[in-house]
Number of protein chains: 2
Amino acid sequence: MANFPSDGMDVNTEINTSGFGTCPLPISDHDTVQLGHGSGGQMSRELIQDLFVWAFGNPLLDDLQDSVVLPAVASDLAFSTDSFVVDPIFFPGGNIGNLAVNGTVNDVAMSGATPRYLSIGMILEEGFSLVDLKRIVESIRDAAAIASVQIVTGDTKVVDKGKGDKVFINTTGIGVFEQPVRPRPDRIRVGDHVLISGTLADHGMTILSKREGLQFEMPIASDSAALNHLIARMLDVGGEGVRALRDPTRGGVAAALNEFAETAGVGIELEEGSIPILPAVRGACEFLGIDPLHVANEGKLIAVVAPEVSEAVLSAMKSDTLGAHAVRIGTVTSQTAGMVTMRTGIGGQRIVDMLVGEQLPRIC
Amino acid sequence: MANFPSDGMDVNTEINTSGFGTCPLPISDHDTVQLGHGSGGQMSRELIQDLFVWAFGNPLLDDLQDSVVLPAVASDLAFSTDSFVVDPIFFPGGNIGNLAVNGTVNDVAMSGATPRYLSIGMILEEGFSLVDLKRIVESIRDAAAIASVQIVTGDTKVVDKGKGDKVFINTTGIGVFEQPVRPRPDRIRVGDHVLISGTLADHGMTILSKREGLQFEMPIASDSAALNHLIARMLDVGGEGVRALRDPTRGGVAAALNEFAETAGVGIELEEGSIPILPAVRGACEFLGIDPLHVANEGKLIAVVAPEVSEAVLSAMKSDTLGAHAVRIGTVTSQTAGMVTMRTGIGGQRIVDMLVGEQLPRIC
């Protein structure tokens with residue numbers, strides 16, 4: 001541990017799988033998770049050492065104590081947890097593994113913090129394919145490398161067949177503040193601009209289509225991605241003018257903006273014509289009668305920014321692959337405080353409400 | 001948040017439920033978890049605000065952002081995660097809620113850190129009783145108060161009926177180092193004493209008996225408890241002489257000591273006659289043909305200590321309710337390096353091995 005640099009700067013920022021060699025856990029096509037893999041005995045140790053440590057290994061994780069000791073940091077900490085139960089576990093654009101990494105990385109990053117450490121807690125169902133588990137573990141490793149976070153501790157439990165569903169993953173993240181800005185919805189002011197980093201509803205409609213076996217003319221895929229590097233660019237140019245950030249996951253853009261409006265005591269007015277939606281996703285939403293504003297995204301962010309930095313932040317977003325289609329979609333107003341409204345294409349105005357219950361279960 | 005003291009000293013150290021008032025979520029006997037409770041919409045918000053925030057509320061949690069901002073601390077951090085899938089969820093001596101708090105508190109504390117913050121991630125099964133959920137939430141609150149930790153962030157997911165099992169809970173904890181000692185198994189030396197804080201196998205045999213519907217003459221109960229205050233007493237008097245600490249959960253004392261012996265490259269010799277086991281638990285183990293050394297404990301610790309502080313540490317342990325039956329059970333030797341052996345009552349010696357697979361699934 002003495003050799004571990006506390007600045008975290010040597011963490012890979014691109015995928016590098018060449019150094020991992022062959023997984024030492026011999027897995028054949030029909031091998032499955034057994035109850036013994038969660039026992040705390042030798043089968044557990046083999047799974048941990050030969051699969052998880054092989055994939056995630058770093059000086060902190062390799063220590064394998066009940067808790068990991070992280071080097072002191074001078075700043076406040078951001079701390080966030082999320083459990084992932086998405087069904088299906090593999091889908092166009094990702095799987096439950098990289099979704100779990102990206103989801104918590106994004107939750108940490110929305111506070112203005114730099115995500116640094118993740119824990120991984122897996123609940124496996126007896127009988128789950130070890131080949132699939134290995135694919136998921138590799139996706140976790142790759143997603144962590146892209147997001148520049150280290151997986152430093154973990155836990156594995158196994159439940160009997162029929163008492164879980166293949167795999168559930170909890171990720172909990174710690175971030176540090178490398179810059180002074182703390183985006184928060186209570187910093188939103190009347191006149192601010194509402195930006196979005198790209199197209200809406202890609203993740204949710206992909207999951208729904210895959211689950212229901214729907215085929216569309218143009219393929220659609222989840223947008224699951226880690227947004228922390230994009231946010232760093234935005235904060236660089238926008239500084240304190242970046243008022244609030246949110247990744248519109250469950251509940252979609254509608255839920256995120258309603259929370260903003262309520263917290264800040266302001267109105268938010270969207271321009272329907274400006275909201276970016278891929279034609280195939282729009283078609284799927286129309287076909288199924290679903291409002292894309294209510295659908296989960298997993299690689300998009302909403303930013304509320306001061307008007308004087310709006311152009312610069314938008315340019316910074318567009319310079320990042322994950323913000324290439326960033327656009328302004330609305331304005332913060334003093335009217336209709338606590339509510340989100342939308343100017344429609346035909347000149348009307350409608351209220352954008354939160355859903356009461358469930359539209360798409362197990363979306364993430 | 002400005003008013004939140006960063007030293008955490010005002011956290012309750014005893015149960016105080018009088019200040020909580022009535023749960024604002026109206027729950028009748030037949031109310032159950034719905035998919036909508038995990039949607040991110042209004043049902044989710046009600047569950048979070050009216051049950052979780054009501055029970056756990058504190059200035060950090062109340063903020064309800066995607067991640068919580070924790071005040072800077074000067075020390076290294078301890079970080080640990082654990083998912084709990086125990087079956088049954090209610091058992092003599094506890095339930096999945098306080099087990100989940102105590103388990104992660106203990107994992108953090110075994111590194112010598114003071115547990116301070118917890119996240120809670122719940123995976124609920126559609127149809128799970130809201131009355132039972134409320135009982136579990138109240139147990140989480142009470143266990144956190146006893147352990148002097150704050151629940152600062154959380155997440156709730158709902159899976160469709162038959163795809164989970166009532167409730168799974170992930171807890172992830174952060175601790176800070178308030179004293180310089182870092183107990184670790186690689187600090188163990190030949191001649192050290194092996195202490196245990198109390199009787200073995202209470203938790204595991206309680207779960208097994210409850211699950212199998214076994215009745216014994218004397219009732220048995222789980223030992224689930226937070227050991228951080230006990231450890232603070234031990235470190236106060238033992239200092240650097242406290243070489244290593246471990247809570248022998250899954251895999252029991254046998255797995256914990258085998259890991260110690262292997263990591264430190266030493267032998268560990270136990271005295272069978274000194275190992276404390278309640279008569280009722282011993283009877284249950286004999287009846288079922290189970291070695292109590294392999295059974296999970298949830299409120300016990302093993303300490304390896306230098307011989308010169310052994311008496312003082314043992315006294316400190318006995319002065320705490322949770323260590324009242326603490327006793328020395330063995331010695332670290334230079335023989336049989338990497339192995340754990342036991343001197344039996346009749347003068348023989350046997351190897352104490354780790355189990356390969358599963359003895360008792362879903363014990364925690």
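The values are calculated or read from the model by the stated rules, or taken from the named source; none is laboratory data. All figures in this text were calculated on a predicted structure; none of them were measured in a lab. Cβ sites come from the backbone with ideal geometry, for glycine too, and all protein chains shown count toward neighbours. SASA here: full protein model, heavy atoms, side chains in, ligands and nucleic acids out. Shrake-Rupley method; radii C 1.70, N 1.55, O 1.52, S 1.80 Å.
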Leaving out ligands, DNA and RNA, calculate the buried accessible area for the pair A and B with a 1.4 Å probe, summed over both sides, in Å² to the nearest 100. 6200 Å²
In square angstrom, what is the accessible area per residue of the protein assembly as shown with a 1.4 angstrom probe? 36 Å²
Put the label 7 Å from Cα along Cα→Cβ for residue A:283; what are its distances to the other copies, in nanometres, shortest first? 7.3
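What's the magnitude of the charge dipole for chain B around its Cα centre, counting Lys and Arg as +1 and Asp and Glu as -1 at the beta-carbon? Answer in Debye, nearest 20. Before the final figure, lay out each step's value.
Numbers: 26 positive and 45 negative charges, 95 e Å.
For chain B, the charge dipole is close to 460 debye.
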Take each of the peptides A:136-144, B:347-355, A:64-72, average the number of other beta-carbon atoms within 10 Å over its residues, and list them starting from the highest. A:136-144, A:64-72, B:347-355
Using a 7 Å Cα-to-Cβ projection, residue B:337 label spacings across copies, nm, ascending: 7.4
For chain A, what does the helix formula give at 222 nm: sum of -39500 (n - 2.57) over DSSP H segments with n ≥ 4, over the residue count, nearest 500 deg cm²/dmol? -8000 deg cm²/dmol
Other protein chain Cβ atoms within 10 Å, averaged over every residue that makes up A:254-264: 2
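Under unit Cβ charges (Lys, Arg +1; Asp, Glu -1), what dipole magnitude, rounded to 20 debye, does the protein assembly as shown have relative to its Cα centre? Could you put the intermediate results ahead of the total?
Numbers: 52 positive and 90 negative charges, 5 e Å.
The dipole magnitude comes to about 20 debye.
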Beta bridges by DSSP in the protein assembly as shown, antiparallel share as percent, to the nearest 5: 75 percent
Using the Cα gyration tensor of region A:206-246, the equivalent ellipsoid's semi-axes, largest first and to the nearest Å, work out to 35, 10, 8
How far is residue B:57 from itself in the other copies, in nm, if each label sits 7 Å out from Cα along the Cα-Cβ line, shortest first? 5.0
Sort all Cα-Cα distances of region B:224-297 into consecutive 10 angstrom bins from zero, then give the percent of pairs in each bin up to the one containing the longest distance. 15, 40, 36, 8, 0
For region A:218-251, state which residues have at least 10 Å² less accessible area in the presence of all protein chains than in their chain by itself, taking the probe as 1.4 Å and leaving out ligands, DNA and RNA. A:246, A:250, A:251
Estimated D of chain A in µm² per second, where Rh is the Kirkwood radius over Cα pairs and Stokes-Einstein applies at 4 °C, 1.567 mPa s: 61 µm²/s
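Based on Cβ point charges of +1 for Lys and Arg and -1 for Asp and Glu, what charge dipole magnitude is obtained for region B:6-176 about its Cα centre, in debye rounded to the nearest 20? Please report the intermediate quantities before stating the final value.
On the way: 9 positive and 22 negative charges, 24 e Å.
In total the dipole reaches around 120 debye.
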Taking the Cα centre of each part, how many Å lie between region A:47-80 and region B:299-348? 29 Å
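Taking only the C-alpha atoms, wrap a convex hull around the protein assembly as shown and report its volume per residue in Å³ as a whole number. Intermediate values should be presented prior to the final figure.
Details: hull volume 115.4 nm³, N = 728.
Here the figure is 158 Å³ per residue.
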Working from the pairwise distances between different alpha carbons, so that the mean of 1/r is found and then inverted, what is region B:238-364's Kirkwood radius in Å? 15.4 Å
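Write down, largest first, the equivalent ellipsoid semi-axes of region A:6-176 in whole Å, where each equals the square root of 5 times an eigenvalue of the alpha-carbon gyration tensor. Mind showing how you got there, number by number?
On the way: eigenvalues 133, 60, 49 Å².
Equivalent ellipsoid of region A:6-176: 26, 17, 16 Å, largest first.
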